[in-house]
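To start, the structure under review is shown below, and the notes come after it.
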Amino acid sequence: MKLIIAVVQDKDSHRLAQALIEEELRVTKLASTGGFLKSGNTTFLIGVDDEHVNRVLNIIQHNCQSRKRLMLPMGDSADAYPSPPVEVQVGGATVFVLPVERFEQY
Ligand code: 2BA
């Protein structure tokens, strides 16, 4: 068994959750915050048997898209002029696949 952890953009989270549930996969969604942009994203926890991992990865890939975001760099507050916004490319999904040592439900 594997635990798939996927960090996705909030804009894709509803669509991805629907697609996973339609495929009868079990999913937990957590509200999370990106360390760099300090803005909200969504982290999915998906526990699956090994033979379903590639299917889940395909669903994630098809339902999450990369987007450009504007970020205001933290300048010196004493600056007379604020720094212009910087464009940041945020990926469609950042995915980790971990082995599960033991799985229990009570
Ligand atoms: P954030 O940390 O808010 O990062 C948003 C985007 O900012 C990143 O997109 C990347 O393009 C850029 N970025 C992040 N750190 C940077 C840095 N030190 N210098 C320059 N640019 C930087 P993604 O790489 O697609 O990541 C999207 C979100 O996925 C991240 O949001 C974070 O929440 C999560 N993530 C990405 N890599 C991770 C990792 N190795 N471990 C844990 N979470 C990760």
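The values are calculated or read from the model by the stated rules, or taken from the named source; none is laboratory data. Please read all numbers here as calculations on a predicted model, not as lab measurements. In this analysis, Cβ positions are derived from the backbone assuming ideal geometry, glycine residues included, and neighbour counts consider all displayed protein chains. Note: areas computed on protein heavy atoms with side chains; ligands, DNA, RNA excluded. Shrake-Rupley method; radii C 1.70, N 1.55, O 1.52, S 1.80 Å.
Compute the acute angle (0 to 90°) between the alpha-carbon long axis of helix 10-22 and the principal axis of greatest extent of the alpha-carbon atoms of the chain; round to the nearest 10°. For helix 10-22, the angle is close to 10 degrees.
Where in segment 1-89 are there GluC sites (Glu not before Pro) that are in a DSSP coil and have at most 16 other Cβ atoms within 10 angstrom of their Cβ? Present the calculation step by step, with values, prior to reporting the outcome.
Working: sites: 22, 23, 24, 51, 87; in loops: 23, 24.
In loop regions of segment 1-89 (DSSP not H, G, I, E or B), the sparsely surrounded GluC sites (Glu not before Pro) are 23, 24.
For the chain, the spread of Cα positions along the three principal axes, ordered from largest to smallest, is 59, 26, 19 Å. Given R0 = 41 Å, the distance between the Cβ atoms of residue 86 and residue 54 translates into a calculated FRET efficiency of 0.70.
Work out, step by step, the length gained on full extension between residue 72 and residue 1: first 0.36 nm times the residue separation, then minus their alpha carbon distance; give nm to one decimal. Could you put the intermediate results ahead of the total?
Values: separation 71, 0.36 × 71 = 25.56 nm, distance 4.16 nm.
Stretched fully, the residue 72-residue 1 segment lengthens by 21.4 nm.
Couplings 3J(HN,Hα) of segment 91-106, computed from phi: x, x, 7, 10, 10, 10, 10, 10, x, 9, 6, 7, 10, 10, 10, 10 Hz, in residue order, whole Hz [Karplus 6.51 cos²θ - 1.76 cosθ + 1.60, θ = phi - 60°; x for Gly and Pro]. In the context of the full set of protein chains, residues of the chain present 73 Å² of accessible surface per residue (probe radius 1.4 Å, heavy atoms only).
Only protein atoms count toward the accessible area here, which uses a 1.4 Å probe; on the chain, the carbon and sulfur part of that area reaches 53 percent. Subtracting the Cα-Cα distance of residue 102 and residue 24 from their residue separation scaled by 0.36 nm leaves 25.9 nm. Once the Cα atoms are used to define both axes, helix 53-63 deviates from the longest principal axis of the chain by about 40 degrees.
Cα centroid distance between segment 7-47 and segment 80-106, in Å? The distance from the Cα centre of segment 7-47 to that of segment 80-106 comes to 10 Å.
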